[in-house]
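Student: Submitted below is the structure of interest, expressed as structure tokens.
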Amino acid sequence: MKIPNSITARTIAAVVGGLLAAGPLTSAHAAASDRKKPKISIRANPPAGFSPLRVVLTAELRGGDDDHPDYYCPTIEWVWGDDTRAESVTDCDPYEPGRSEIQRRYTQSRIFNTFGDFKVEIRLKQKGKVVGAASTLVRVQPGIRDGGS
């Protein structure tokens, strides 16, 4: 089916006209797109051992802007790799560009009572949407309770 040139021209004119009416990107749009997101890493200490194993997990945000809005006062979700999870929410002051500072380190401890390999994740969320995540593997060998050595 061939579309008449007049319809195509009108459609293009309407789209271009809408874009021109919207104007250039505002400084808020430009500032948000220019922001550098921090990189997230997570480590387990110790990363392996015998059950029951107590592990301290540390997540760090490196680089990026100190006031990145996606990382300011997020909901923190720890996914333990055994079909359980924990979530924490902090009550923070409203976000202010250039003034609000992101938290750069999150620490949580966990006791793994059973053996297995567990993919542990940290998820930073804003309004239910994951804005950043990292994961690590925790290896738990059978301990005395499991009939291991």
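Student: Select, from T107, T136, the only residue that is under 16 Å from A48 (Cα atoms) and either among the aromatic types (F, W, Y) or within 18 Å of the chain's Cα centre (by Cα) (or both).
Tutor: That would be T136, the only listed residue that is under 16 Å from A48 (Cα atoms) and either among the aromatic types (F, W, Y) or within 18 Å of the chain's Cα centre (by Cα) (or both).
Matching residues to (1) at pLDDT below 95; (2) touching a Cys at 6+ places or on another chain (Cβ under 8 Å); (3) of a type in the set (A, V, I, L, M):
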site	(1), (2), (3)
W80	no, no, no
S88	yes, no, no
C92	yes, yes, no
R99	yes, no, no
R105	no, no, no
I111	no, no, yes
G116	no, no, no
K119	no, no, no
K127	yes, no, no
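Student: Between G132, G128, which is crowded, with 18+ Cβ neighbours inside 10 Å, small (G, A, S) and farther than 18 Å from P46 by Cβ?
Tutor: Of the residues listed, the single one that is crowded, with 18+ Cβ neighbours inside 10 Å, small (G, A, S) and farther than 18 Å from P46 by Cβ is G132.
Student: Okay, moving on. So how many residues does segment 102-112 have that are in contact with a Pro (Cβ under 8 Å, 6 or more places away or on another chain) and not in a loop (DSSP other than H, G, I, E, B)?
Tutor: Here the count works out to 2.
Student: I've got another one for you. Within segment 50-70, track down each residue that is assigned to a loop (DSSP other than H, G, I, E, B) and loosely packed, with under 15 Cβ neighbours inside 10 Å.
Tutor: G63, D66
This table checks each residue for (1) surrounded by 14 or more Cβ atoms within 10 Å (Cβ to Cβ); (2) in a loop (DSSP other than H, G, I, E, B).
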position	(1), (2)
T90	no, yes
S100	yes, yes
T114	yes, yes
F118	yes, no
E121	yes, no
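Student: May I ask you to list the residues in segment 115-146 that are in contact (Cβ under 8 Å) with a residue 60 or more places away in the chain, under 23 Å from D91 (Cα atoms) and not hydrophobic (A, V, I, L, M, F, W, C)?
Tutor: E121, G132, listed by residue number.
Student: Let me ask something else. Tally up the residues in segment 79-88 that are in contact (Cβ under 8 Å) with a residue 12 or more places away in the chain and part of a strand (DSSP E or B), please.
Tutor: Qualifying residue count, segment 79-88: 4.
The values are calculated or read from the model by the stated rules, or taken from the named source; none is laboratory data. The shown structure was predicted, so the numbers you read here are calculated from the model rather than taken from an experiment. Neighbour counts run over all protein chains shown; Cβ positions are idealised from the backbone, glycine included.
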